[in-house]
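Okay, structure first, notes after.
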Amino acid sequence: MKQILKNTVEDATLDMDSWPDLSVTFPQSGNFTNSTMNDSGFTSNTYFPYYQHSLPIAASFILVYLFIFLLCMVGNGLVCLIVLENRGMRTVTNLFILNLAVSDLLVGIFCIPTTLVDNLITGWPFTNPVCKMSGLVQGMSVSASVFTLVAIAVDRFRCIVYPFQPKLTLLVAKATIVLIWVLALVIMCPSAAMLTVERVEDHYMVHNKDYNQTSPLYRCYENWPDPEMRKIYTMVLFTHIYLVPLTLITLMYGRIGVKLSSATSSDRQNEARPVISHKKIKVIKMLSVVALLFMLSWLPLWTLMLLIDYGGLNEEQLELLTGYFFPFAHWLAFSNSSVNPIIYGYYNENFKRGFQATCRTYSCCCPLRIGARPKECRRFLKRDTPTGISAEACPFQGHQSILHSPSLATRGLKMRREHYETNCRVFQETHLFVNWHSLTLYHKTVTFV
C-alpha cells in the first residue's frame, strides 16, 4: 500500500518546479552542493543519497519490520493450517477468519517488504508492471482484511443479538468472501490504473562517498490528471477502508456488549451463571480489543495522509514526515495484520480446540514405535473396574456422554473393554494410515491382548 497511501508525499516532495537548488546531507559524508553548466550558464541537478538513512536507523527499520513480518507469516499460517486441517473447524465464522488470515498473509508478503525497501532507499528500484501489480495487490489485501473484519462483526452480531434468526450458511459465507475480494478489486482499480513509473528529470541518486557513481531517479506514483482528483480518491479510500468499517464495527460490537451485559444480569438466578458470565466477559473483551486495535493501528497513517493533502505543509515538514513518520505509521498499520491471529486464536475457543487437535494428531502418532500400542489404549487395558473407565480411555470426544452415563455401569466390563479395544484399534490404524504410510502395513497387524 506504499504507492497508494504515500503518493501525495512523493508528488509534494518531487514537485521540481517549485523547489530551489538543494544542499543534500549524505549519511556519514557531510553536505554536497551540486552545479552543472548549460548553454546559458548554470543548471541545477539535484542529487539524493541512495540510502535515505544512516546505518543505525536503517538497521532499526529492518529489525522492527522483520519482527512483524515473521509474526504475520507464522501466526496467519497457523490459522490457515488449523482451519484447513480440521474439517470440524470449517464453520461460517472460521471461514471468515481464514479469509482474514489469507488477506493478512498477502499484507505480509506484498506490503511489508516493499514498504521497507521504499523507506530505505531513494526512488523506485523496480519496473512499471511491478509498480502497478504491487500497488494493486497491496491495496486489495488491505481492503479485504478490513472488509473481512466487518464480515466477522456482522456474523457475530447476528448470532448474539438475533440468535433466533436463520444463521449464515457456508455457501453464503463463501459468496460473501468472493464479494469482499470483488469490492477490494473495484475500489483499488483506479489507483492501479493511475500508477506508473516515471523518471524524474535532473535528479539523480549517488551510490558512493566520492559522488562519482550516479543513476537516474525513478518514482512509482499515481499520475492523476488533476491533483484534486487525487485528493478526492484519498478521501474515498479513507471513507471506505477506515471510517465506515470502524463505525460499523464499533456500533455492532457495542450492541453485542449491551446484549451480553443484559443477558448476564437476567441470568443471576441460574446455577451455571459463573461459567456463562466468564464466557460473556471474554467475548466482550475480545470484541473491544478488536475494535480498539484496528482503530489505533490505522489512525496514524490516515492522519498523515489527510495532513499531507489538506494541511498545507512546507518542504521541511514534508521531508520529516516522509523520512520518519511514514515508516512508523506503515509499521503500525501492518502490525494489525500480525496481531489478528493472536486475538482470534487466543480468545476463540474453537481455534484453541482446533490447535490442540492439530497438535494431538501429530503427537499421538510420533511416539508410536514398531510393535508399540497407543498410550491411551494401554491405559484402558489396565483398568479392571467400572469406576476406572473415563473419557481418557480413548481419544474420541464423541463418546464422553456415553462414558459418563449411569446406565453404562450395568452393561458389563467385558462389553466395554471390547468396544473400546475396537475404537483404539481404529484410532491407531487410521492415524498410522494417514500420517505414517511406511508403517501402515505393519501396524495393521497389531493385536491387543
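The values are calculated or read from the model by the stated rules, or taken from the named source; none is laboratory data. Keep in mind the model is a prediction, meaning the values are calculated, not measured. For neighbour counting, all protein chains shown are included, and Cβ atoms are generated from backbone atoms with ideal geometry for every residue, glycine included.
With respect to residue 96, is the statement that it is crowded, with 21+ Cβ neighbours inside 10 Å and either part of a strand (DSSP E or B) or under 15 Å from the mean Cα position of the chain (by Cα) (or both) true?
Values: crowded, with 21+ Cβ neighbours inside 10 Å: yes; either part of a strand (DSSP E or B) or under 15 Å from the mean Cα position of the chain (by Cα) (or both): yes.
Yes; evaluated as a whole, the condition is true for this residue.
Matching residues to (1) at pLDDT 85 or above; (2) assigned to a helix (DSSP H, G or I); (3) in the same structural domain as residue 285 (by TED's automatic domain parsing); (4) β-branched (Val, Ile, Thr):
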site: 117; (1), (2), (3), (4): yes, yes, yes, yes
site: 130; (1), (2), (3), (4): no, yes, yes, yes
site: 135; (1), (2), (3), (4): yes, yes, yes, no
site: 141; (1), (2), (3), (4): yes, yes, yes, no
site: 147; (1), (2), (3), (4): yes, yes, yes, no
site: 150; (1), (2), (3), (4): yes, yes, yes, yes
site: 154; (1), (2), (3), (4): yes, yes, yes, yes
site: 160; (1), (2), (3), (4): no, yes, yes, yes
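How many residues are part of a loop (DSSP other than H, G, I, E, B) and aliphatic (A, V, I, L, M) if we restrict to segment 119-128? Quick ask: steps written out before the conclusion?
So in segment 119-128, the residues part of a loop (DSSP other than H, G, I, E, B) come out as 122-127.
Then keep just the ones that are aliphatic (A, V, I, L, M); that gives none.
Residues meeting the conditions: 0.
Could you check, for segment 155-163, whether at least one of its residues is under 12 Å from the mean Cα position of the chain (by Cα) and farther than 22 Å from residue 331 by Cβ?
No: zero hits.
Output the qualifying pairs, or none if there are none: Cβ atoms under 6 angstrom, residues six or more apart or on different chains, first residue in segment 59-76 and touching a residue at least 12 places away in the same chain (Cβ under 8 Å), second residue surrounded by 13 or more Cβ atoms within 10 Å (Cβ to Cβ) and of a type in the set (Phe, Trp, Tyr).
64/331; 68/334
Which members of segment 74-90 meet the condition of being over 12 Å from the mean Cα position of the chain (by Cα) and either surrounded by fewer than 17 Cβ atoms within 10 Å (Cβ to Cβ) or acidic (Asp, Glu) (or both)?
Residues satisfying the conditions are 81, 84, 85, 87, 88, 90.
Would you mind finding the one in 126, 110, 157 that is among the aromatic types (Phe, Trp, Tyr), free of Cβ contacts under 8 Å to residues at least 40 places away in the same chain and surrounded by 15 or more Cβ atoms within 10 Å (Cβ to Cβ)? Lay out the reasoning, then the answer.
Numbers: 126 fails: free of Cβ contacts under 8 Å to residues at least 40 places away in the same chain; 157 fails: free of Cβ contacts under 8 Å to residues at least 40 places away in the same chain.
Checking each option against the conditions leaves just 110.
Suppose the filter is crowded, with 19+ Cβ neighbours inside 10 Å and either modelled with pLDDT of 75 or more or over 24 Å from residue 73 (Cβ atoms) (or both); does residue 285 pass it? So that I can check it myself, show each step before the final result.
Working: crowded, with 19+ Cβ neighbours inside 10 Å: no; either modelled with pLDDT of 75 or more or over 24 Å from residue 73 (Cβ atoms) (or both): yes.
Spelling it out, it is not the case that residue 285 is crowded, with 19+ Cβ neighbours inside 10 Å and either modelled with pLDDT of 75 or more or over 24 Å from residue 73 (Cβ atoms) (or both).
Please name all residue pairs, on different chains or six or more residues apart, with Cβ atoms under 6 Å, provided the first residue is in segment 344-355 and is under 13 Å from residue 81 (Cα atoms) and the second residue is at pLDDT 70 or above and crowded, with 18+ Cβ neighbours inside 10 Å.
354/82; 354/86; 354/89; 355/82
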